[in-house]
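> The structure that follows is given in the form of structure tokens.
The values are calculated or read from the model by the stated rules, or taken from the named source; none is laboratory data. Computed from a predicted model, the values in this text were never measured in an experiment. We place every Cβ from the backbone using ideal geometry, glycine too, and count neighbours over all the protein chains shown. Keep in mind that these areas ignore ligands, DNA and RNA; they rest on the heavy atoms of the full protein, side chains included. Shrake-Rupley method; radii C 1.70, N 1.55, O 1.52, S 1.80 Å.
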Amino acid sequence: VYTIIINVKEDFRAKVGALGFIEFKKGIYLYTGSGMGASTSIENRIKRHVMKKKKKFWHIDYLLSNNKTLVIAAIASKSKKMHECLINNLIIKNLEGEYLEGFGSSDCLCKSHLIKVNDEDFDEIIRKLRLIYIHAKLTPFILTFKTFI
């Protein structure tokens, strides 16, 4: 399981597959996904998400392909069990923000797997995410891609 921390640098509108057009407001977003069943490592799955040019398979690909977005970091944990929805729901419960209905959750019962958080303090977001992963009895590790600006 992993949670990507995304900086949307300015407001924009983008078509997101079958969801249609979505307005993304400037701010910090958290996207939770899973690498279960993937033939690649969780680190490589996250690195793929970071790439701007890629074939669009998932909702998150449409967001992250935009030049107005920047992946700052990710927190992840390896596990043999599916924890994506658990982590996602703990984030919704423990961090203030708003979710984009249906985003990244077409294969589960969650309302969304993308949350725009009110808190923009990078260190505080990482701290809270670490605690959420630990609460779920996971061992989180952090991947940093860019300095938060």
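> Sort out which residues of the stretch 77-109 are touching a Gly at 6+ places or on another chain (Cβ under 8 Å) and within 18 Å of N7 (Cα to Cα), and write them in order of number.
Within the stretch 77-109, G104 is the sole residue that qualifies.
> Does the stretch 35-49 contain at least one residue that is in contact (Cβ under 8 Å) with a residue 24 or more places away in the chain, in contact with a Ser or Thr (Cβ under 9 Å, 6 or more places away or on another chain) and outside any helix (DSSP H, G or I)?
Checked against the condition, which is being in contact (Cβ under 8 Å) with a residue 24 or more places away in the chain, in contact with a Ser or Thr (Cβ under 9 Å, 6 or more places away or on another chain) and outside any helix (DSSP H, G or I), the stretch 35-49 yields at least one hit.
> Which is open to solvent by 60 Å² or more (accessible area, probe 1.4 Å), in a loop (DSSP other than H, G, I, E, B), on the phi < 0 side of the Ramachandran plot and modelled with pLDDT of 85 or more, of K52, K111, K81, K93?
None of the other options fit; the residue is K111.
> Here are the criteria: (1) crowded, with 16+ Cβ neighbours inside 10 Å; (2) modelled with pLDDT of 95 or more. Tell me which single one D11 does not satisfy.
Status for D11: all satisfied but (1).
> With (1) in a strand (DSSP E or B); (2) open to solvent by 10 Å² or more (accessible area, probe 1.4 Å) as the list, and Y62 as the residue in question, which single condition is left unmet?
Single failed check for Y62: (1).
> Let me ask something else about it. Which condition number in (1) part of a loop (DSSP other than H, G, I, E, B); (2) touching a strand residue (DSSP E or B) at 6+ places or on another chain (Cβ under 8 Å); (3) open to solvent by 80 Å² or more (accessible area, probe 1.4 Å) is the one that E98 fails?
Checking E98 against (1) part of a loop (DSSP other than H, G, I, E, B); (2) touching a strand residue (DSSP E or B) at 6+ places or on another chain (Cβ under 8 Å); (3) open to solvent by 80 Å² or more (accessible area, probe 1.4 Å), the one that fails is (1).
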